[in-house]
1. Over 32 Å between Cα atoms: which of LYS386/LYS455; LYS277/LYS321; LYS266/LYS321; LYS216/LYS277; LYS321/LYS455 fall into that group?
2. Over the chain, with the other protein chains present, what is the accessible area per residue in square angstrom, probe 1.4 angstrom?
3. Using DSSP, restrict attention to beta bridges with both residues in the chain and report what percent are antiparallel, rounded to the nearest 5.
4. Which cross-chain or sequence-distant (5 or more) residues have an amide H under 5 Å from the amide H of GLY298, H modelled 1.01 Å from N in plane?
5. Using θ = phi - 60° and the Karplus relation 6.51 cos²θ - 1.76 cosθ + 1.60, list the HN-Hα couplings for the range 433-448 in order, rounded to whole Hz, with x at every Gly or Pro.
6. Quick one: divide the alpha-carbon radius of gyration of the range 327-468 by 2.2 N^0.38 Å and tell me what you get.
7. I'd like the carbon and sulfur percentage of the solvent accessible area for the range 262-317, probe radius 1.4 Å, heavy atoms only, ligands and nucleic acids excluded.
8. Less than 12 Å apart at the alpha-carbon level, and either on another chain or at least 8 residues along: which aspartates and glutamates does that give for LYS93?
Amino acid sequence: MHLFRKPEPALLTGRRPSPAGAAGRGEAAPFGRSEAGGPEVSAFTLDNGLDVVVVPDHRAPVATHMIWYRNGSADDPIGQSGIAHFLEHLMFKGTEAHPVGAFSKAVSGLGGQENAFTSYDYTAYFQRVARDHLGTMMSFEADRMTGLVLDDAVVAPERDVVLEERRMRVETDPSAQLSEAMAASLFVHHPYGIPIIGWMHEIEELNRGHALDYYKRFYTPENAILVVAGDVTPDEVRRLADSTYGRVAPQGARPIRVRPREPEPKAMRRIAIADPKVEQPTLQRLYLAPSCITARDGGCHALELLAELLGGGATSYLYRKLVLEQGIAVNAGAWYMGSAIDDTRFSVYAVPAEGVSLEALEEAVDKALRKAPSEALGPEAIERAKTRLVAETVYSSDSQSSLARIFGSALAIGETIEEVRRWPSDIESVTREQLVEAAGRYLTPARSVTGYLIKSSDPDAPATAVSA
């Protein structure tokens, strides 16, 4: 994953604000060695199978410590949606060596920051502390890799916390309900169509046994990636990792991720959510598209650049056509979630101006997309988009947490360090012909789900959803 891609959805535990946000872009940072396309990253593997990545950043005497597990909500067993996220919450409930709250109190006492998040393809835990305390963080995190203690006295109340989280984030938010419905319609067979937090009725049934089974399956050294970014050296990190994580016994083999493949879509789909709480109607469109893993022929780079050209800000094609020229929208854009293991989503959205219907806005969006190959993909526009994206590589990598996230998330989905470092040159090499081919192949009605977010005229009416 790169922070200049559309960030993958992630759910934070909510205990402390994340330095860079669960899915937000970081602040920015020059690479340690710009001519190589990135910092001088070191990587090695411990004897128990734990992968380790060291990203030097010597500007301040601090270190960001992240442990990534190669499991996310898309790996939840059938009927147990939300178990990856639920277990993330339970990981803060203590071990035999460190009772509940001890880890967090230690981080706070050292003046550090901590949090965790769950996404579709991975779960990560991180702390940012003074470099002298890196070994302490490793010791705590290695302990809860195998020493988690759970009983019903902590499991049931924490399940209630997750249920309330879902009520607050989804059940009372029409926009979130539309997003869930659109994802479920786009992914008719793949678990990317299931919300990370899980379905309400399945969260209610999650129990201690489910959590422990999932924990024993995925929380092993050979399934984890340790990323340390900061004022450290590779030798120092290796020594500390060997003395902490290196003591965790391996289970012999990394767990196999078994996922169904999404079938080739054949029909366009439409969904509408009407709710009196809607303040601003919105048009959303999702297209099924390959990810950086399923399109290793370079197709994902064309889609990344296409999203920037079509909807990457106030200078993009859709914004210019719909907002500035036609005045029928107050906002318009596009994004591509390329950082995923399996086929993913490309999105176009627009917000209508006062008095403009969603139907009229959709017609204008479709007309603009049909004309995009001739109007949006000129040589100058392509070069400007490339420059913006590559510049964001530098800007987004300024914070330590962003550097750690870039490499950790990439490795967690199966990319390599070299692929991350090569990204700027891969973007520079995208041709106009590749952009036209990507638009024609993937931005087609049969691959799409269109969503309307509508304000209900009846203030007493409950939310309603319609699909076709």
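The values are calculated or read from the model by the stated rules, or taken from the named source; none is laboratory data. Every value quoted in this text rests on a predicted model; they were computed, and no experiment measured them. Because the Cβ atoms are built from the backbone with ideal geometry, glycine has one as well, and the counts that use them run over all protein chains shown. To get the accessible areas, we keep the full protein, side chains included, count just its heavy atoms, and leave off ligands, DNA and RNA. Shrake-Rupley method; radii C 1.70, N 1.55, O 1.52, S 1.80 Å.
1. LYS386/LYS455; LYS216/LYS277, as the Cα separations exceed 32 Å there.
2. 40 Å²
3. Here the share of antiparallel DSSP bridges comes out near 80 percent.
4. The answer is none.
5. Working through the residues one at a time gives 4, 5, 5, 4, 5, 5, 4, x, 7, 10, 8, 10, x, 5, 9, 10 Hz.
6. Here the Cα radius of gyration is 1.31 times the empirical estimate.
7. 56 percent
8. ASP151, ASP152, GLU158
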